[in-house]
Amino acid sequence: MRKRIIRVGIVVVAVGAAFFLLIQIIPIGPRLTNPPVAAEPKWDSPQTRTLAKRACFDCHSNETKWPWYSYIAPVSWLLANDVLNARAAFNFSDWHAGDMRSAAMDAQINSGRMPLPQYLLIHPNARFTNAEKQQLVAGLTSTLASETVKPPSTAPVTDGASLLEARCAACHSLDRVKQAKKTRNQWAQTVTRMVGKGAQLNAAERSTAIDYLSKMYGP
């Protein structure tokens with residue numbers, strides 16, 4: 001009986017090790033990328049950018065520092081997915097006026113929701129004192145207040161179908177969109193790329209578009 005248990009244990013370990021090695025070789029999940037920096041906010045001061053870079057840029061920019069463990073699956077899948085979703089929310093390296101409101105950033109920072117607690121565990125340098133939090137909030141408020149938000153090309157829309165018609169159909173046929181079958185992460189990448197090419201979508205509209213596309217045109 002004991003020998004049988006040992007044999008079963010060896011088989012389980014061997015299968016687990018083989019699976020672990022296999023997922024390192026087979027490309028699964030979103031890739032770890034740092035696209036070129038397209039545009040940043042017009043920072044009110046270098047100090048504001050320094051604070052934002054210290055706590056926010058690893059997820060909300062194209063200057064992510066991918067640590068060694070981010071290349072080991074399945075950790076790589078989780079980190080890439082987190083960064084992709086963060087960039088879709090707002091991206092300091094692909095910035096458009098109106099991408100984020102200062103009140104929202106204020107609430108996230110002062111509530112302790114951002115940076116994420118699990119991020120702070122392995123990035124203690126991103127932990128701010130109360131004074132640094134207030135300095136960052138004040139700097140972001142000043143930075144965003146200086147932006148001139150361009151009105152959308154059509155009246156604001158809140159449902160996905162109308163949003164695609166209003167913002168996407170002007171440049172290309174929606175047949176191309178409807179024929180695609182992508183995961184939510186892939187649609188998020190597509191929407192972010194289209195915004196970089198000039199699509200007029202604020203942060204809320206990006207989220208609406210991604211939700212609609214992944215629901216209607218998923219794999």
**OP:** Mind counting the residues in segment 94-121 that are assigned to a helix (DSSP H, G or I) and touching a residue at least 24 places away in the same chain (Cβ under 8 Å)?
**Re:** 6
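Being among the small types (Gly, Ala, Ser), in a helix (DSSP H, G or I), in the same structural domain as Asn110 (by TED's automatic domain parsing) and modelled with pLDDT of 85 or more narrows it down to one of Ala18, Ala14, Ala52, Ala80, so name that one. Write out each step before concluding.
Details: Ala18 fails: modelled with pLDDT of 85 or more; Ala14 fails: modelled with pLDDT of 85 or more; Ala80 fails: modelled with pLDDT of 85 or more.
Just one listed residue meets the conditions, Ala52.
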**OP:** Answer yes or no: is there a residue in segment 43-63 that is out of contact with any helix residue (DSSP H, G or I) (no Cβ under 8 Å at 6 or more places or on another chain), among the hydrophobic types (A, V, I, L, M, F, W, C) and loosely packed, with under 15 Cβ neighbours inside 10 Å.
**Re:** no
**OP:** Working only within segment 184-218, note down all residues that are more than 14 Å from the chain's Cα centre (by Cα), among the aliphatic types (A, V, I, L, M) and crowded, with 16+ Cβ neighbours inside 10 Å.
**Re:** Met194, Ala199, Leu201, Ala209, Leu213
Original post:
In segment 129-137, is there at least one residue being within 27 Å of Leu201 (Cα to Cα) and either not hydroxyl-bearing (Ser, Thr, Tyr) or not in a helix (DSSP H, G or I) (or both)?
Top reply: yes
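Looking at the structure I just gave you, is Gln200 modelled with pLDDT of 85 or more and either assigned by TED's automatic domain parsing to the domain that holds Pro35 or touching a Ser or Thr at 6+ places or on another chain (Cβ under 7 Å) (or both)? Before you say what the answer is, go through the steps one by one.
Working: modelled with pLDDT of 85 or more: no; either assigned by TED's automatic domain parsing to the domain that holds Pro35 or touching a Ser or Thr at 6+ places or on another chain (Cβ under 7 Å) (or both): yes.
Considered against the rule, which asks whether it is modelled with pLDDT of 85 or more and either assigned by TED's automatic domain parsing to the domain that holds Pro35 or touching a Ser or Thr at 6+ places or on another chain (Cβ under 7 Å) (or both), Gln200 comes out as no.
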Subject >> segment 183-219, residues that are closer than 21 Å to Arg101 by Cβ, in contact with a Leu (Cβ under 9 Å, 6 or more places away or on another chain) and in a helix (DSSP H, G or I) >> reply: Ala188, Val191, Thr192, Val195, Glu205, Thr208, Ala209
Subject >> Residues of segment 139-149 classified as in contact with a helix residue (DSSP H, G or I) (Cβ under 8 Å, 6 or more places away or on another chain) and either loosely packed, with under 15 Cβ neighbours inside 10 Å or part of a loop (DSSP other than H, G, I, E, B) (or both), total >> reply: 2
Original post:
Tyr119 passes all but one of (1) farther than 22 Å from Asn62 by Cα; (2) surrounded by 15 or more Cβ atoms within 10 Å (Cβ to Cβ); (3) at pLDDT 80 or above; (4) touching an Asp or Glu at 6+ places or on another chain (Cβ under 8 Å); which number fails?
Top reply: (1)
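Residue-wise test of (1) modelled with pLDDT of 80 or more; (2) closer than 20 Å to Gln189 by Cα; (3) polar (S, T, N, Q); (4) assigned to a loop (DSSP other than H, G, I, E, B).
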position: Ile28; (1), (2), (3), (4): no, yes, no, yes
position: Pro36; (1), (2), (3), (4): yes, yes, no, yes
position: Pro41; (1), (2), (3), (4): yes, no, no, yes
position: Gln47; (1), (2), (3), (4): yes, no, yes, no
position: Cys59; (1), (2), (3), (4): yes, yes, no, yes
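The values are calculated or read from the model by the stated rules, or taken from the named source; none is laboratory data. The structure presented is a predicted model; accordingly, all values stated were derived computationally and were not measured. For neighbour counting, all protein chains shown are included, and Cβ atoms are generated from backbone atoms with ideal geometry for every residue, glycine included.
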